[in-house]
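The values are calculated or read from the model by the stated rules, or taken from the named source; none is laboratory data. As the structure is a prediction and not an experimental result, all values here were calculated from the model. With ideal geometry, Cβ positions are generated from the backbone for all residues, glycine too; neighbour counts draw on all protein chains shown. When the accessible area is computed, the model is the full protein with side chains, heavy atoms only, and any ligands, DNA or RNA have been set aside. Shrake-Rupley method; radii C 1.70, N 1.55, O 1.52, S 1.80 Å.
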Amino acid sequence: MTRAPITALAALLLLVFPGPGTAEGTGGPGAGGVPVSHGLSIHGDLKYPADFKHLDYADSGAPKGGEVRLHEIGTFDSLNGYIIKGNAATGLGLTVATLLAGSDDEAASSYGYVAESAEVPPDRSWVIFNLRPEARFHDGSPITADDVIFSFNALVTKGQPLYRVYYGNVAKVEKLGVHKVKFTFIEGDNRELPFILGQFAILSKAFFETADFEKTTLEPILGSGPYRVEAVDPGRSITYRRVEDFWGRDLPANRGQYNFDVVRFDYYRDAVVALEAFKAGEYDFRLENTAKVWATEYDFPAIRRGLVKKEEIPDGRPQGMQAFVFNTRRPFFEDPEVRRALAFAFDFEWTNKNLFHGAYTRTQSYFSNSELASRGLPEGEELEILEHFRGRIPDEVFTTPYRPPSTEVEGGIRTNLRMARRILQKAGWTLRDGKLVNEATGTPMDFEILLVSPAFERIVAPFKKNLERLGIEVRYRTVDSSQYEYRVEDFDFDMITGGWGESLSPGNEQRDFWSSVAADTPGSRNFAGIRDPAVDELVELVISAYVIPQWHFGHFRVAYWDAFGRPAVTPKYDLGLWTWWVDDGKASALVAGKGAAREGAGAEGRAGGPAMALAAIAAALLALWVARRIRARQRG
């Protein structure tokens, strides 16, 4: 379905007021004459026909083999990623199969995986998935309707809170046959529900007859995907090995993907050490998310010699929202005028110029970098819908396009801080002895910004300084990833830098972001604590009032040691790493290049006199420092 430019509100109006129906592609008749489809789409016809051989961005002839070493910051203590307890290891999704497999060059389409086909009636009141008889768990046992039903029920009753709200419109699930399962929905038009039901991991019912689903574990859960867990070094590394006889290897949606024999994730507790480890060749591939580091830290010998490639690859996905998030469970953040005032203290323009090398664009929508991004005022059908909520939503929705405060005004940040003071004064806050206090209670405004990375301290520091000019006492505290996750899940913070990833098919996940139920559910992503009947009906109408938007960048910043091949086509909505492969010729050349570099450095040191000797000593000291930090990280 082609979408015209719409406002931020309209992007999520699709959740509550869906548009016209979509076509999923057709096969033979199914239950009650309903067409059987090889895939499902929310927005329109499927790109790939029923007889497609492989996805356009995958090379069906890609060789299998080799190893890719990746990295993570933090630690892990569990291989159960489906529950709120514990800190799950990265990459566990590689070990499980789902009913449908997504396509990364379509906005919202999926194709047969465990399910070879699906049946959906025109009113979308139910969906039937027809399972492949050849689908298997890693122990050889077949995947059946019983496993699908067990997985769904376990996830929504015992799993992370997201599952309960994401699949909340499912009325019942029933077995129609060994390889046939039906989901029936509660009354209402939830057009994305058949599609998103294809996304949950299929787990083995028999396996969990002797394992507790609700407990963390460092024993691998029986999987059914292209990889299995091979080795676990708790908190330090996890290694996956490709399943040679993987039952789904030659499915059209999988062909040309999952080419590495071994995938290893090494964990680093320090981002600086992680970068130095990459430069030293300790791992192969890196996505950089810090503009300053990308601009200043990637001019090292291996890049100059061509051994490491540095690229910016376009990213067509909505960039979602990254923001300073107010926890409105704190009394001083309950007042929207207070939140509006504090937004004037964040100087994005200064931050972008001085800290980010001008790399970022200010975020003004939860769907930036996409056709769903906010534009202008509501009009047409959108305005017609919003009129039903006039009086229950802010009048500004109809009169003023949302724009975060900017310092590109005369007087810059001083003008913005004067505006903040006026707003705060009207809201009942006044300066006493240099401190901002509530006129009614005499309580000073002070709060803590909780961080998970030291890299963010340089960004928070000038924001803190501006807030202090308003008389607000602000602290920021950086904690390790485990403590940060625990505190955020328990909503134990005043303000964080939070994020909400968005897709081109906004839908049921928005309940987990903004609903009243989610506000009281530990582990939900309603970080702001929003509880509002209007939001529950139309979640998109007030979300901009609970955060201070930050920035986004519409590319992947990628650096990698040059040992890989990749398809000529990059998917529009993802990087497509699992379509890459180890190129034997490049890998051999890389080994030779590293050897030549070491020999050259040695000869250069011998021939270059004192200056070269000092350089060699400095390089050796740096290498020793990196090695010691890596060992320290491994110890703990």
Task: Matching residues in the range 540-561 - criterion: being farther than 30 Å from GLU67 by Cβ, hydrophobic (A, V, I, L, M, F, W, C) and modelled with pLDDT of 60 or more - done: ILE548
Open item on the list: Need a quick list: strands (runs of 3 or more DSSP E) entirely within the range 71-135 having at least 2 residues that are in contact (Cβ under 8 Å) with a residue 24 or more places away in the chain, open to solvent by less than 40 Å² (accessible area, probe 1.4 Å) and among the aliphatic types (A, V, I, L, M).
Closed with: 100-102, 115-119, 126-131
Open item on the list: For the range 230-269: of the residues being among the hydrophobic types (A, V, I, L, M, F, W, C) and open to solvent by 30 Å² or more (accessible area, probe 1.4 Å), which is farthest from PRO142 (Cα to Cα)?
Closed with: VAL232
Open item on the list: All but one of (1) closer than 30 Å to GLY529 by Cα; (2) more than 20 Å from the chain's Cα centre (by Cα) hold for GLN322; state the number of the condition that does not hold.
Closed with: (2)
